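The values are calculated or read from the model by the stated rules, or taken from the named source; none is laboratory data. Model, not experiment: these values are computed from the prediction. All Cβ positions, glycine included, derive from the backbone under ideal geometry; neighbour counts span all protein chains shown.
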Number of protein chains: 2
Amino acid sequence: MTANRGNDVLNGVWCPALMPVDDKLEPDVPKYIDHCRWVLEEGCHGLVMFGTTGEANSFSVEERIQALDAAIDAGLPPERMMVGTGCAALSDTVRLTRHAIDRSALGILMLPPFYYKGASDEALAASFDRVIEGVGTEDFRLVLYHIPGVSGVAITPALVDLVAERHPETLAGIKDSTGDWDHSKMLIERFSDLAVFPGAENLVAAGLEVGGAGCISAGCNVNASAIRALYDAALAGEDVTERHAEVERLRLILQRYALIPAMKQMIADAKGDPGWTRLRPPLMPLSEVNAKALMADLQSLDFRLAA
Amino acid sequence: MTANRGNDVLNGVWCPALMPVDDKLEPDVPKYIDHCRWVLEEGCHGLVMFGTTGEANSFSVEERIQALDAAIDAGLPPERMMVGTGCAALSDTVRLTRHAIDRSALGILMLPPFYYKGASDEALAASFDRVIEGVGTEDFRLVLYHIPGVSGVAITPALVDLVAERHPETLAGIKDSTGDWDHSKMLIERFSDLAVFPGAENLVAAGLEVGGAGCISAGCNVNASAIRALYDAALAGEDVTERHAEVERLRLILQRYALIPAMKQMIADAKGDPGWTRLRPPLMPLSEVNAKALMADLQSLDFRLAA
């Protein structure tokens, strides 16, 4: 295995934490903290606070700052957090990044500005330049967030090169949420000094074999211990065929549904707390029919969430 | 011509005002106010404060509120403003909408939440429901903003139906920025009780013939008087062949370039103020080569901006 040099500190299994909301659809911070604590206890190395799974961009800067402050003040460890900070507005990205650095977050997971489409690599690199300039320090770990199917804006290898050239001390990693192994493999091999995270648990083992950093995977919200065990076994060079297959069984079921609502539904059922099913529009809870079908699918798998 | 019933108050030529920025890339509010005043003097019926042309989503909620307050406090008429308020985050959209209503804006131009893609019409309708609920009143004029090429999220006719059904007193119009005449015509004819605005001046005359509301067009930032004259002539039933062709000559030149940077370049040149060329990343100024080519194109047209 090729270790990513210097950025190994980021390696591991990261949970992009779901954000429960109250009946006004405002962040339910106590529930959020409980959930974050639980996925760490279940084995995640760290938490991504405000990724796509956490409905990050459905919340205001103030809501995000308050939830992060509350989580850290409640004892959740910032040295085990990456904070999602990339917004459409430059000023918002600067503010969230500065705040996360001030709160000693281990890393920053940054989307490119995502309203305008078709920006050149040079323009996106200029965006990252301006963010770093606005934040006022190069002294943080920047993980670029490639999720073009949602954001509509790609982090191309050429863009990674530009950022690496200009901010060699800052750029630390890439999250690749394409779900495409060939793409993840290319990034891992091409950027062997960066921590490159596939965006799902099915690529953990294959990724580790070529020098990948682990995963940042939504599935960790409901299946953290199995994903962590898979990671550990793969890292130890064990045969992971059965562990991989077990993790895949759940992932493939969840894939039949809208992933974020489906995971919230699972937690709601496990906890007997229907409030957990809520999402902020434009995301919507599963229909009653789909919620029942998901429960039936999970029973057929004999999967029980210990939330 | 079929008048759009009740929403005629919105009819006209609207300028989605460019936002000049200072050397920190922060809104240059005095320049913004001057520019807004000028396009009104040049003949625009109204101003769209914070549309795509105004780089709305590149600015924070606070920056947008401050600029709008300053513009109104400086005497710009809110009764001639539509305010763009649609953000990725529900709470941001609510806050901007509430503020614009409190400042007596004539209308609200609202993007759907644009981070997540593939939301159903029902989910997007729920977003608008939640915004209106959050704002706490149905008593405003809502113009839905269809610009799928940029936002990645469409306002489908079925979605318009849902919003119209649930908020008949609020829904007042649609901006169609597809640039596709067949699509604009379909919307104008299908939603004859709404003010339907094509997103460019080339569809003003054709639109008015079937009951369209005018236009909300970026080109008004640099060619307002000619666009207004075209609108007036078309409304009066005059032959607009030559006026239309004149307006088209400039529009087709601008189309060769990135539109927003090109218009900022034109204003910078006209005013001898290079600061006007600045944009917030991910938008970028024209390259020097393109800036010169644009100037040559404009000279060949004998077009002079009287900014």
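With the requirement that a residue be in a helix (DSSP H, G or I), over 24 Å from B:Ala56 (Cα atoms) and free of Cβ contacts under 8 Å to residues at least 12 places away in the same chain, what does the range B:236-287 give you?
B:Thr241, B:Glu242, B:Ala245, B:Leu252
Of the residues that make up the range A:90-109, is at least one crowded, with 19+ Cβ neighbours inside 10 Å, of a type in the set (Ser, Thr, Tyr), part of a loop (DSSP other than H, G, I, E, B) and modelled with pLDDT of 95 or more?
No, the conditions are met nowhere in the range A:90-109.
Let's see how each residue does on (1) over 30 Å from A:Phe128 (Cα atoms); (2) over 22 Å from the mean Cα position of the chain (by Cα); (3) not small (Gly, Ala, Ser):
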| position | (1), (2), (3) |
| --- | --- |
| B:Phe191 | yes, no, yes |
| B:Ala205 | yes, no, no |
| B:Ala226 | yes, no, no |
| B:Leu250 | yes, no, yes |
| B:Ala262 | no, no, no |
| B:Val289 | no, yes, yes |
| B:Lys292 | no, yes, yes |
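Can you pull out every residue in the range A:37-67 that is among the hydrophobic types (A, V, I, L, M, F, W, C) and crowded, with 24+ Cβ neighbours inside 10 Å?
Once the filter is applied, which keeps residues that are among the hydrophobic types (A, V, I, L, M, F, W, C) and crowded, with 24+ Cβ neighbours inside 10 Å, the range A:37-67 yields A:Val39, A:Cys44, A:Leu47, A:Val48, A:Met49, A:Phe50, A:Ala56, A:Phe59.
Which members of the range A:166-211 meet the condition of being surrounded by 21 or more Cβ atoms within 10 Å (Cβ to Cβ), part of a loop (DSSP other than H, G, I, E, B) and of a type in the set (S, T, N, Q)?
A:Ser177 - this is the single residue of the range A:166-211 that is surrounded by 21 or more Cβ atoms within 10 Å (Cβ to Cβ), part of a loop (DSSP other than H, G, I, E, B) and of a type in the set (S, T, N, Q).
Could you list, in sequence order, the residues of the range A:153-165 that are surrounded by fewer than 23 Cβ atoms within 10 Å (Cβ to Cβ), in a loop (DSSP other than H, G, I, E, B) and either touching a residue at least 40 places away in the same chain (Cβ under 8 Å) or within 17 Å of the chain's Cα centre (by Cα) (or both)?
Listed by number, the list holds a single entry, A:Ala154.
Checking the structure you have, find out if any residue of the range B:66-79 is touching a Ser or Thr at 6+ places or on another chain (Cβ under 9 Å) and farther than 18 Å from B:Ile216 by Cα.
yes
If you go through the range B:78-127 one residue at a time, how many are more than 14 Å from chain A (Cβ to nearest Cβ) and free of Cβ contacts under 8 Å to residues at least 24 places away in the same chain? Steps first, answer last, please.
Pass one, the range B:78-127, residues more than 14 Å from chain A (Cβ to nearest Cβ): B:78-83, B:100-109.
Add one more test, that the residue is free of Cβ contacts under 8 Å to residues at least 24 places away in the same chain, and what stays is B:102.
Residues in the range B:78-127 being more than 14 Å from chain A (Cβ to nearest Cβ) and free of Cβ contacts under 8 Å to residues at least 24 places away in the same chain: 1 in total.
Return the residues of the range A:215-235 that are assigned to a loop (DSSP other than H, G, I, E, B) and out of contact with any Asp or Glu (no Cβ under 8 Å at 6 or more places or on another chain); say none if nothing qualifies.
Just the residues of the range A:215-235 that are assigned to a loop (DSSP other than H, G, I, E, B), to begin with: A:217-219.
Answer for the range A:215-235, where residues must be assigned to a loop (DSSP other than H, G, I, E, B) and out of contact with any Asp or Glu (no Cβ under 8 Å at 6 or more places or on another chain): just A:Ala218.
When the residues of the range B:128-144 are narrowed to those that are within 18 Å of B:Leu68 (Cβ to Cβ) and touching a Lys or Arg at 6+ places or on another chain (Cβ under 8 Å), which ends up nearest to the other protein chains (Cβ to nearest Cβ)?
Across the range B:128-144, the extreme among qualifying residues is B:Val135.
Go through (1) surrounded by fewer than 24 Cβ atoms within 10 Å (Cβ to Cβ); (2) within 14 Å of chain A (Cβ to nearest Cβ) for B:Asp73 and report which single condition fails.
The one condition B:Asp73 does not meet is (2).
Assuming B:Phe128 fulfils every condition listed in (1) in contact with a strand residue (DSSP E or B) (Cβ under 9 Å, 6 or more places away or on another chain); (2) outside any helix (DSSP H, G or I); (3) crowded, with 24+ Cβ neighbours inside 10 Å apart from one, which condition is it?
Answer for B:Phe128: the failing condition is (2).
Which of the residues that make up the range B:1-18 are in contact with a strand residue (DSSP E or B) (Cβ under 6 Å, 6 or more places away or on another chain) and either over 19 Å from B:Gly214 (Cβ atoms) or at pLDDT below 95 (or both)? Give the steps one after another, and end with the answer.
Residues of the range B:1-18 that are in contact with a strand residue (DSSP E or B) (Cβ under 6 Å, 6 or more places away or on another chain), as a first pass: B:4, B:7, B:10-17.
Answer for the range B:1-18, where residues must be in contact with a strand residue (DSSP E or B) (Cβ under 6 Å, 6 or more places away or on another chain) and either over 19 Å from B:Gly214 (Cβ atoms) or at pLDDT below 95 (or both): B:Asn4, B:Asn7.
Which one of these does B:Gly173 not meet: (1) more than 15 Å from the chain's Cα centre (by Cα); (2) away from chain A (no Cβ under 14 Å)?
So the condition that B:Gly173 fails would be (1).
Give B:Asp34, B:Asp8 a once-over and let me know the one that is among the acidic types (Asp, Glu) and closer than 25 Å to B:Ala236 by Cβ. Reasoning before the result, please.
On the way: B:Asp34 fails: closer than 25 Å to B:Ala236 by Cβ.
So the residue among B:Asp34, B:Asp8 that is among the acidic types (Asp, Glu) and closer than 25 Å to B:Ala236 by Cβ is B:Asp8.
Listed residues B:Gly136, B:Gly179; which is on the phi > 0 side of the Ramachandran plot and over 17 Å from the mean Cα position of the chain (by Cα)?
The conditions single out B:Gly136.
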